[in-house]
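Student: Handing you a structure now.
The values are calculated or read from the model by the stated rules, or taken from the named source; none is laboratory data. All figures in this text were calculated on a predicted structure; none of them were measured in a lab. Here the Cβ positions follow ideal geometry from the backbone for every residue, glycine too, while neighbour counts run over all protein chains shown. Note: areas computed on protein heavy atoms with side chains; ligands, DNA, RNA excluded. Shrake-Rupley method; radii C 1.70, N 1.55, O 1.52, S 1.80 Å.
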Amino acid sequence: MDYSALIAQRRRRAGEIDDMMADASFFNNPKKAGEIVREHRRIKETLELWDRLETAKRQLEENEELSRGDDAELAEIAKEEIPALLVEIPKLTEEIQYALLPADPNEDRDAIVEIRAGAGGDEASLFAAELLRLYQRYAEGRGWKTEHLSSSPSEVGGFKEVFLRVTGDEVFRILKYESGVHRVQRVPATETQGRIHTSTVTVAVMPEAEEVDVELKPDDLRIEVCRAGGAGGQHVNRTESAVQVFHLPTGLYVRCEDGRSQGQNKERALQIMRSRLYEMKLREEQEKHSAHRRAQIGSGDRSEKIRTYNFPQSRITDHRIGFTSHNLSGVMAGDLSELTGELQKAEMAERLSEAGVK
């Protein structure tokens, strides 16, 4: 397939954005400017990929011609370079195809990560805390920032539920693959017989919603102020500091008590509620599409069992793509790069197939 016309469109758009960015008033609207800067970066990356592909194709043609020439030494050098080019060209072609697909408008958004202990009691709450640390370490490695929004601690030092805000470049695009049921198989620290237990934790990664995305009507909300629970601490106001927000039309409920003030807890609760409602809105849109689209990798179905962490065998398996790694310790230390890379490849293949690109 000839992509030159699409590349020409990207070059024209890059020129338009260059002109916009040169305008003195460009940053008067920081939000809009940020969106355009991110679009500019994506276009530049696509054009760089295209230039690399065209260069590799030219090199292959030249090397094939040289390999048939009369200069034996030059022909041998050219032949040695051909295999690497034959590997590089299909890889770059695949990357170009994916880069030219319509972008998900939510991919550049920040994310709210909800981690909730499922089956397994105390062990599930402990694993929820470990997943929280995993995502915090992964975010740190990528240069993202994290903010602890709210949590409900368990008696054993884990979390019944916890909300984390993650901000940075392409946060939702990367973290969306974490949505679903995470199953852990291991011997709990409290197990005296050495038996392996199975527990589950549910993760929901929601694109952070803004007020323009979801309107929270006052008549649809019931906001209650109550006494903060838990063990307390230097940042917990032991007066009426916790805030509960109920969204009456949907029955959704959010409680925040970790903030330094009642106002901060209310703001965080509304932030989480807005993102939950936005996620619900996106899911309803997905339901209008085909069953294939709903089952697509990265769709973020929080009820789907996506991954098993088997500690006795140091094995981690992603069930969506049938991928297994024995680098469990590395993953738990915050290295999701191998898993994310494989999931991105699989999603790319699905999207290309859905778009009829071969």
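Student: Would you mind checking K44/K266; K31/K176; K44/K217; K32/K160; K57/K345; K91/K281 for any pair whose Cα atoms are more than 31 angstrom apart?
Tutor: On the way: K44/K266 41 Å; K31/K176 22 Å; K44/K217 41 Å; K32/K160 38 Å; K57/K345 23 Å; K91/K281 36 Å.
Pairs exceeding 31 Å: K44/K266; K44/K217; K32/K160; K91/K281.
Student: Output the relative contact order of the chain, whole-number percent, from Cα pairs under 8 angstrom with separation of 6+ residues. Intermediate results must be reported in sequence, preceding the final value.
Tutor: On the way: 557 pairs, mean separation 52.1, N = 358.
It comes to 15 percent, rounded to a whole number.
Student: Using only the alpha-carbon atoms of the range 1-113, report the extent along each of the three principal axes, biggest first, to the nearest angstrom.
Tutor: 63, 37, 23
Student: Given a 10 angstrom Cα cut-off, can you work out which residue in E284, E347, E140 is the most mobile in a GNM of the chain?
Tutor: E284
Student: Multiply the residue gap between H197 and E338 by 0.36 nm, knock off their C-alpha separation, and tell me the result in nm, one decimal place.
Tutor: Values: separation 141, 0.36 × 141 = 50.76 nm, distance 2.64 nm.
Going from the current span to full extension adds 48.1 nm.
Student: Further question on the same structure: Expressed as a whole number of Å, what is the distance separating the alpha-carbon centroids of the range 238-278 and the range 27-53?
Tutor: 35
Student: Something else: Which residue fluctuates the most in the chain, going by a Gaussian network model with Cα springs under 10 Å, if the choices are N29, N327, N63?
Tutor: N29
Student: Compute the projected area of the convex hull of the Cα atoms of the chain, averaged over all viewing directions, and report it in nm² to one decimal place. Let's see the in-between values first.
Tutor: On the way: hull surface 98.7 nm².
Taking the Cα atoms of the chain, their convex hull projects to 24.7 nm² on average.
Student: Using amide H atoms built in the peptide plane, which far-off residues or other-chain residues are under 5 Å from K305 H to H?
Tutor: Residues meeting the amide H criterion: V181.
Student: Right, next: Compute the FRET efficiency between S67 and I89 as 1/(1 + (r/R0)^6), taking r as their Cβ-Cβ distance and R0 = 22 Å, and round to the nearest 0.05.
Tutor: Values: r = 16 Å, r/R0 = 0.74.
According to the calculation, E is roughly 0.85.
Student: Would you compute, from DSSP H runs of 4+ residues alone, the mean residue ellipticity of the chain at 222 nm, taking -39500 (n - 2.57) per run and dividing by the full residue count, rounded to the nearest 500? Show your work: numbers first, answer last.
Tutor: Details: 9 runs with 164 residues, N = 358.
Only helices count here, giving -15500 deg cm²/dmol.
Student: Next question. Would you tell me the accessible area of F311, worked out with a 1.4 angstrom probe on the heavy atoms of the protein chains, in Å² to the nearest 10?
Tutor: 70
Student: Between R42 and A22, what is 0.36 nm times their sequence separation minus the Cα-Cα distance? Round to one decimal in nm. All intermediate terms of the calculation are to be shown ahead of the outcome.
Tutor: Numbers: separation 20, 0.36 × 20 = 7.20 nm, distance 1.83 nm.
Here the answer is 5.4 nm.
Student: Which value in Å does the Kirkwood hydrodynamic radius of the range 48-123 take, with 1/r averaged over all unlike C-alpha pairs and then inverted? Don't skip to the end; give the middle numbers.
Tutor: Values: mean 1/r = 0.0610 Å⁻¹.
Every distinct Cα pair counted, the radius reaches 16.4 Å.
Student: Still on this structure, please answer the following. Kindly state, to the nearest 0.05, the FRET efficiency for T250 paired with S303, given R0 = 25 Å and r defined as their beta-carbon distance.
Tutor: Working: r = 17 Å, r/R0 = 0.68.
For T250 and S303, the calculated efficiency is 0.90.
Student: Using the crude model of +1 on Lys and Arg Cβ and -1 on Asp and Glu Cβ, and no other charge, please compute the dipole size for the chain relative to its Cα centre, in debye to 20. Working shown, then result.
Tutor: On the way: 52 positive and 65 negative charges, 352 e Å.
With Lys and Arg at +1 and Asp and Glu at -1, about 1700 debye.
Student: Let me ask something else. Please compute the length gained on full extension between E285 and K31, using 0.36 nm multiplied by the number of residues separating them and subtracting their Cα-Cα distance.
Tutor: Working: separation 254, 0.36 × 254 = 91.44 nm, distance 2.51 nm.
Between E285 and K31, full extension yields an extra 88.9 nm.
Student: Which one, L66, L131, L328, has the greatest fluctuation when you compute a Gaussian network model over the chain with C-alpha springs under 10 angstrom?
Tutor: It is L66.
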